[in-house]
Structures are given as C-alpha cells and as structure tokens.
Amino acid sequence: MKEEDINRCQIQEWFPKFKSISIKTSIHELPESFVQYLIDDSGPFLLPLSITNDDALPNRVHKPEEEEDFVVSEGSGDEADESAPPPSFPELETDVKTSIESLGGAVFPKLNWSSPKDTAWISSTGSLRCTNFSEIALLLRSSDSVVHDLFHAYDSCTDKTASRPSRFYLALRKWYPSLHPEMEFRCFVHDKALVGVCQREVTNFYPVLVEKKSELKEVIKQLFVEKIKEEFESESYAFDVYVTKDGRVKVLDFNPWGASTLPLLYTWEELEELSGDEVELRIVESRCGIRPGLKTAVPYDYLDTSEGSGWDQFLRNVDVELQRQTQSSMSKAGG
C-alpha cells in the first residue's frame, strides 16, 4: 500500500467527487492549535471554553457540594501547580455552529479518515450525535480511533515519508435519526473488481437482509459499476454504503485495503483470493452468527478477550458458526 492510496480515502479528498451520491456533509480545515489540543496529553483533560456556553454533557446532574473536595484553598502550597486555563477556539466554534445549523441541528463528526466511534459511550446520548462544538470536542479528545489519524495513518505504507498529513479536517455529517443500521454495507474492491460485500453492523441478526439479499446485492453492484469503478483511482480499497428504503445507494466512506480497515465477515486472505466473477453478499444468517462489537457500553479494552476467557471461547464459536453458514449458503447456491 502506498501513501497515495491512504490519501485518497481522506474525506476531504473523495467527498467533493462523490457528493451527489453521499450524505450531506460540511468540511472544515482545522487550525494547528486545535490539532495540538487533540494530541496533548501532558496535562489534565480540559474541554475548550465555549463562547456560547454550550455544555458537552447537558444531561448531567450538577451538584456543587460534591466539588468542594476538589477546591484548593489559598496558601496550600499547590498554587504553583495550578492548571492553565481551558483552551478556546472561537473562530472554529463559530464555523462549526453555523454548519450544524445548516445540517438540521445535529451531526456526527470525523477527522480525515476516522470517526470517534469508540467514545460514543461517553456522550450524554450514548451515540455520536452532536449538537454543539463542546460535544464534538469531547468525543474527539477522548477517542483512540482518532489517534490513528493523528499518529498512525501511514504506518502500513511501503513508501512512508510522513507520520501524519500536513493538514487535518473536521467533517460534520448530517445526523439521520431514522437510519437503519442493517442497511449499511461494506464493499471490497480488489484490482478494480468488486469481490465482496457484507453487512457493516455484525452485532445483530436482521431477518430483512435474508429476505432482500439478492436485490441488495444488485443495487450495490450497479452503483459500483456506474459511479465508483472508474472514478475512484486506487486499484484496491473498501467503501461503505447505505441503502435507502426506496433502493437508492449512498456512499458513506472509503477505506484503504487492509491496514486498519476491518474485513468484518471476511478475512483479507479470503478477499484476495476472490475474482469478482460472482460477487457474494455475506450476512449474518442467524442469531448464532452474531459478532460481538462495541455495544457493551464500556471501552473494548475493558473486555477480557485473552485466550481461555469467556469472550475468547465465544468468538471461537462465532467463527465456527459463520463458516458453517457460509458453506451452507454456497451449497444452496450450487444446488
């Protein structure tokens, strides 16, 4: 993989070209001062001072009496260790506020490549839905996924010359509360051929996918052939789409082949062996095939997935069941 393949997957690079078949998005170049704020972990965790007094956690119960234990009295000897005042980014906050209003009042954020999906649990809504700059800053500042963009975007490149892009961008994407997670799919392109498609949300079994499997595969293939194949310049990559109720297909994201991109219901070895002559849409065929994900309301790192643990055995059982389902589906197709 080369740096140019990674760069093409940055949202500020691909979105202008595919805007007509994507979801509403507003993109802002981030000042380096805000990038450094996201990177800096030398001091206490501070949210930016909001010029509009917006709160990142509006639903919390504020109890001033519980804060008395944390007040440093004068002359205690700790005055030299007083923290610096919270940072403030008034121009960026103003621009973000304008964009949020133009996108209907709620958005979900992402940087060049990654969204802070691992920090949804910390927000007041338990999702990536944001209505102000403070909520966005909280999710970005807390996210390990965003660290990938800040430090590790080019780690898998054979021609790596930099550790980070020269500029970072904040994409604000319109929040659609009525979207159905089962209608999001990840598509894999190898040597310019669509070789595989699978459901993006693998932590649930959706009967509707079993019913509509053939027609979903066809509309996704049609979008690839007509709108993407000749327009996206990389030879191998992945892209995510959403299929609407009326059968329209919207592009949500582009991802590099391999690297940090999850193959979900495939393995990268499988995908590299597929020719694309007959595209397979792989779905969870029953509740037994559900894959665990980040729906445990705690960071994934808190789960014990070591060898011999309950989660380890569960994952092994899931893999066996998925293999059985795949073989069964292929047998039925061949029969």
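Would you check which residues across segment 150-207 are farther than 30 Å from residue 287 by Cβ and touching a Leu at 6+ places or on another chain (Cβ under 7 Å) and list them? Those that are farther than 30 Å from residue 287 by Cβ and touching a Leu at 6+ places or on another chain (Cβ under 7 Å): 150, 164, 168, 169, 170, 172, 174, 190.
Here's the yes/no breakdown for (1) more than 16 Å from the chain's Cα centre (by Cα); (2) open to solvent by less than 10 Å² (accessible area, probe 1.4 Å); (3) within 17 Å of residue 18 (Cα to Cα); (4) modelled with pLDDT under 95:
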residue: 193; (1), (2), (3), (4): yes, no, no, no
residue: 205; (1), (2), (3), (4): yes, no, no, yes
residue: 222; (1), (2), (3), (4): yes, no, yes, no
residue: 230; (1), (2), (3), (4): yes, no, yes, no
residue: 239; (1), (2), (3), (4): no, yes, yes, no
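So, of the residues in segment 38-49 that are touching a residue at least 12 places away in the same chain (Cβ under 8 Å) and open to solvent by 20 Å² or more (accessible area, probe 1.4 Å), which turns out to be farthest from residue 84 (Cα to Cα)? Per the stated criteria, the residue is 39.
If the condition is being of a type outside the set (A, V, I, L, M, F, W, C) and open to solvent by 60 Å² or more (accessible area, probe 1.4 Å), then segment 150-163 contributes 152, 155, 156, 158, 159, 160, 161, 163. When residue 230 is tested against (1) out of contact with any strand residue (DSSP E or B) (no Cβ under 6 Å at 6 or more places or on another chain); (2) closer than 23 Å to residue 108 by Cβ, just one condition goes unmet, and that condition is (2). If you go through segment 257-272 and keep only what is open to solvent by 20 Å² or more (accessible area, probe 1.4 Å) and either closer than 18 Å to residue 6 by Cα or among the acidic types (Asp, Glu) (or both), you end up with 257, 259, 260, 262, 263, 268, 269, 270, 272.
Among residues belonging to segment 115-147 that are among the basic types (Lys, Arg) and farther than 15 Å from residue 174 by Cα, point out the one that is least open to solvent (accessible area, probe 1.4 Å). Steps first, answer last, please.
First pass over segment 115-147, keeping only residues among the basic types (Lys, Arg): 117, 129, 141.
Still in the running and farther than 15 Å from residue 174 by Cα: 117, 141.
Details: 117: 102, 141: 38 Å².
Among them, the one singled out is 141.
Of all the residues in segment 1-15, those that are open to solvent by less than 90 Å² (accessible area, probe 1.4 Å) and not in a loop (DSSP other than H, G, I, E, B) number 9. Counted as qualifying within segment 104-219 are the strands (runs of 3 or more DSSP E) with 2 or more residues that are touching a Pro at 6+ places or on another chain (Cβ under 7 Å), namely 169-174.
Residue count for segment 90-103 satisfying the condition of being within 15 Å of residue 56 (Cα to Cα) and not in a helix (DSSP H, G or I): 0.
Looking at this structure, is residue 111 aliphatic (A, V, I, L, M), surrounded by 17 or more Cβ atoms within 10 Å (Cβ to Cβ) and within 18 Å of residue 13 (Cβ to Cβ)? Taking the combined requirement at face value, the residue satisfies it. For segment 241-256, residues that are out of contact with any helix residue (DSSP H, G or I) (no Cβ under 8 Å at 6 or more places or on another chain) and surrounded by 15 or more Cβ atoms within 10 Å (Cβ to Cβ) total 2.
Summed over segment 238-263, the residues that are within 11 Å of residue 196 (Cα to Cα) and assigned to a loop (DSSP other than H, G, I, E, B) give a count of 1. Just to be sure, is residue 2 among the charged types (D, E, K, R) and modelled with pLDDT of 95 or more? Against the criterion (among the charged types (D, E, K, R) and modelled with pLDDT of 95 or more), residue 2 does not qualify.
The values are calculated or read from the model by the stated rules, or taken from the named source; none is laboratory data. If you're wondering where the values come from, they're calculated on a predicted model, not measured in any experiment. Don't worry about glycine lacking a Cβ; one is built from the backbone with ideal geometry, like all the others, and counts go over all protein chains shown. We work out accessible area using only protein heavy atoms, side chains counted, and drop any ligands, DNA or RNA first. Shrake-Rupley method; radii C 1.70, N 1.55, O 1.52, S 1.80 Å.
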